[in-house]
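The values are calculated or read from the model by the stated rules, or taken from the named source; none is laboratory data. Because the structure is a prediction, the values reported are computed rather than measured. Heads up, the Cβs are rebuilt from the backbone with ideal geometry, glycines too, and the neighbour counts pull from every protein chain shown.
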Amino acid sequence: MPADRGLAAWVRAIVGALEAADPVGAATLRGVAARRSARIGLDDEWVAVGFDDHGALRVRRVDGPGTGPWGRSSRGTVVDVLAARVEVRDAVLTGDVEVVGTVAEVAAMIAVIEIVLDAAMRAPALQALADELVAAVGAPTGPGRAPVPWYPDEIAPAELRLLRALGLLADPPAATG
Amino acid sequence: MLDHLRPPRADDPTRALYKEWLHVNVFDHASGTVGLVNLSLHGDPAAAPSRAVGVALVRVPGAGWSGGTQVQGAAAAHAGVLELAAGDVAVAVAPWFGAGHAAARAAVADADVSLGGPAVGPPLGPSWDVPFGEGHLGWAAYPRLALDGVVRAAGRRLVVRGAGGYADHNWGRWAWGDDVGWDWGCFHGADGLLVVMSRTTDRAHRVTGDALVTVEHAGRVAQFVGPQVDIAVDGVRHPSRRFPGAMAALHADRARDRLPARVRVRVGDGFDGLEVVLDVDDVAQLLLAEPSRPGFAVLHESVGRFRAVGRLAGRPVEAHGLGVVEHAG
């Protein structure tokens with residue numbers, strides 16, 4: 001099993017590969033990130049990530065999430081998402097992915113992830129990084145995770161029945177009681 | 001002319017939009033299992049972003065989908081006359097009736113498929129190359145197959161003997177994300193009835209081209225086109241699995257796409273007539289990225305059981321079996 005880069009090196013490699021493969025996407029990412037800084041956690045590692053006034057990526061190790069916006073997950077969850085064993089929505093609902101901040105901060109963090117994912121479809125270097133992570137963690141085996149129902153308990157059964165009758169429920173009936 | 005792969009020439013100005021694949025379906029009536037193996041090439045074969053996508057999906061009743069996709073650089077692909085291989089997925093077809101056969105081998109995630117067998121039906125005929133998006137789409141469907149082999153899925157090992165098989169070949173030039181799509185379906189009866197339907201559409205499936213339905217029964221082939229075909233859908237199903245994971249994460253908004261729970265194909269030309277009704281048990285979603293520029297398409301594979309009632313060559317026909325309908329756009 002190949003050695004793992006460590007979180008700070010993963011972040012630098014991803015942004016570097018994005019800049020090389022998709023300069024427009026990289027510029028968009030900088031625009032979305034603007035002058036924000038966020039902390040990212042992966043398993044037990046934490047880094048603070050942001051771009052300085054010259055647009056250069058700054059990554060430094062920190063002890064935990066701190067008081068600003070942050071997001072965290074685990075290598076196992078990331079590999080499960082890449083292997084289509086779990087939907088992002090379900091990973092959020094089970095707490096395997098957490099993103100914390102104001103609405104604008106959370107939206108910016110999600111947008112950054114989407115920019116990287118979108119570029120990765122046409123960037124072999126980014127795909128190679130995904131393959132490297134899977135190789136380091138180990139390809140998952142066994143069946144995928146079951147979907148997680150997300151309707152809160154306070155929604156009345158009658159309301160659910162009405163939504164179901166109108167075909168407006170996003171979740172399958174079995175998951176909604 | 002015998003069919004063959006159609007990789008772009010070096011001086012082809014449209015090579016960035018190159019697409020091609022070989023596809024095999026298996027319908028095991030004894031277990032109700034439906035499987036597909038597909039190896040596809042996307043983009044200029046010499047360009048680094050171009051992809052070879054291997055798919056192995058097996059739907060076992062009561063156990064859902066097994067398998068998934070294996071995405072690699074197009075340079076990993078090996079091609080023959082009608083053979084494609086990349087990584088752990090390979091499909092080979094020799095479509096000619098009498099000496100024809102097809103073989104599919106794939107080991108992706110928790111699915112492992114090894115199948116092969118001869119053509120046992122007459123030539124189906126469908127082979128066309130039509131305008132499609134900013135390019136064209138070619139399609140050739142091969143004779144009905146009888147497949148032997150082993151399918152491992154959902155922790156089970158299924159030995160297949162003489163299962164129903166279907167194989168086809170697509171090629172052309174277009175970009176995933178163009179305002180195009182298609183409906184395709186294959187219905188394989190336990191008694192040997194084979195029904196194949198196809199039509200091109202716009203991406204939203206609001207505008208459809210003329211449908212072509214080919215029916216093979218008792219060694220005889222009948223075709224129905226345009227107004228001789230009526231396709232209707234009813235009910236709602238959602239995808240239960242989506243592949244590959246990175247594309248599913250990027251397009252989380254497509255997780256609850258609405259697909260039909262029932263598909264009805266009715267054909268008639270005044271002499272032959274048949275109605276096929278497929279009740280969909282499960283849907284898998286495949287998301288395909290365009291390697292040459294931003295853009296993507298979504299393919300849904302809906303599998304289930306069908307029943308068919310009609311009159312062919314002056315004789316009443318009643319059949320049941322397994323089917324798959326593909327909704328792409």
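As a summary of the residue check, A:Ala123 satisfies the conditions (1) surrounded by fewer than 17 Cβ atoms within 10 Å (Cβ to Cβ); (2) within 11 Å of chain B (Cβ to nearest Cβ) except for the one numbered (1). Filter the range B:291-307 down to the residues that are hydrophobic (A, V, I, L, M, F, W, C) and under 14 Å from the mean Cα position of the chain (by Cα), then identify the one that is farthest from the other protein chains (Cβ to nearest Cβ). It comes out as B:Val303. Within the range B:23-63, being under 20 Å from B:Val280 (Cβ atoms) and hydrophobic (A, V, I, L, M, F, W, C) holds for B:Val26, B:Phe27, B:Val34, B:Leu36, B:Val55, B:Leu57, B:Val58, B:Val60, B:Ala63. Selection of the range B:161-175 for residues being under 16 Å from B:Val120 (Cα atoms) and either free of Cβ contacts under 8 Å to residues at least 40 places away in the same chain or crowded, with 22+ Cβ neighbours inside 10 Å (or both) yields B:Arg161, B:Ala163, B:Gly164, B:Gly165, B:Tyr166, B:Ala167, B:Asp168.
Restricting B:Arg206, B:Arg199 to those that are without any contact (Cβ under 8 Å) to a residue 24 or more places away in the chain and either among the charged types (D, E, K, R) or in contact with a helix residue (DSSP H, G or I) (Cβ under 7 Å, 6 or more places away or on another chain) (or both) reduces the list to B:Arg206. Of all residues in the range B:10-24, those satisfying the criterion of being within 24 Å of B:Ala289 (Cβ to Cβ) and either buried (at least 18 other Cβ atoms within 10 Å of the Cβ) or of a type in the set (Asp, Glu) (or both) are B:Asp12, B:Arg15, B:Ala16, B:Leu17, B:Tyr18, B:Lys19, B:Glu20, B:Trp21, B:Leu22, B:His23, B:Val24. Pairing residues of the range A:97-108 that are part of a strand (DSSP E or B) with residues that are aromatic (Phe, Trp, Tyr), at Cβ distances under 9 Å and at least 6 apart in sequence or on separate chains, gives A:Glu98/A:Trp70; A:Val99/A:Trp70; A:Val100/A:Trp70. Can you name the residue in the range A:84-96 that is closer than 25 Å to A:Leu129 by Cα and either part of a helix (DSSP H, G or I) or without any contact (Cβ under 8 Å) to a residue 60 or more places away in the chain (or both) and, of all such residues, is farthest from the other protein chains (Cβ to nearest Cβ)? Ranking the qualifying residues of the range A:84-96, first place goes to A:Gly95.
Selection of the range A:22-36 for residues being of a type in the set (Gly, Ala, Ser) and crowded, with 18+ Cβ neighbours inside 10 Å yields A:Gly25, A:Ala26, A:Ala33. Highlighted here are the strands (runs of 3 or more DSSP E) found entirely within the range B:206-286 that include at least 2 residues which are more than 14 Å from chain A (Cβ to nearest Cβ): B:212-217, B:220-225, B:229-234, B:262-268. For the residues A:Val134, A:Val99, the requirement of being in contact with a helix residue (DSSP H, G or I) (Cβ under 7 Å, 6 or more places away or on another chain), aliphatic (A, V, I, L, M) and at pLDDT below 95 singles out A:Val134.
Screening B:Ala94 with (1) in contact with a strand residue (DSSP E or B) (Cβ under 8 Å, 6 or more places away or on another chain); (2) within 21 Å of B:Arg144 (Cα to Cα); (3) touching a residue at least 40 places away in the same chain (Cβ under 8 Å) gives one miss only, at (3). Filtering A:Glu154, A:Glu159 for residues that are without any contact (Cβ under 8 Å) to a residue 24 or more places away in the chain, of a type in the set (Asp, Glu) and assigned to a helix (DSSP H, G or I) leaves a single hit, A:Glu159. Here B:Ala249 fulfils each of the conditions (1) within 30 Å of A:Ile110 (Cβ to Cβ); (2) touching a residue at least 24 places away in the same chain (Cβ under 8 Å) apart from (2). Inspection of the range A:71-83 identifies at least one residue that is facing chain B (nearest Cβ under 9 Å), in a helix (DSSP H, G or I) and out of contact with any Leu (no Cβ under 9 Å at 6 or more places or on another chain). Checking each residue in the range A:1-42 for being of a type in the set (D, E, K, R), more than 16 Å from A:Val62 (Cα to Cα) and not in a helix (DSSP H, G or I) picks out A:Asp4, A:Arg5, A:Asp22, A:Arg35, A:Arg36.
Every residue, every condition in (1) surrounded by fewer than 14 Cβ atoms within 10 Å (Cβ to Cβ); (2) among the small types (Gly, Ala, Ser); (3) over 30 Å from B:Gln72 (Cβ atoms), yes or no:
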{"position": "B:Leu212", "(1), (2), (3)": "no, no, yes"}
{"position": "B:His217", "(1), (2), (3)": "no, no, yes"}
{"position": "B:Asp234", "(1), (2), (3)": "yes, no, yes"}
{"position": "B:Phe243", "(1), (2), (3)": "no, no, no"}
{"position": "B:Met247", "(1), (2), (3)": "no, no, no"}
{"position": "B:Arg254", "(1), (2), (3)": "no, no, no"}
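In summary, strands (runs of 3 or more DSSP E) completely within the range B:1-119 and bearing 1 or more residues that are out of contact with any Lys or Arg (no Cβ under 9 Å at 6 or more places or on another chain) and among the hydrophobic types (A, V, I, L, M, F, W, C) occur at B:18-28, B:33-42, B:51-60, B:83-86, B:89-94, B:101-108.
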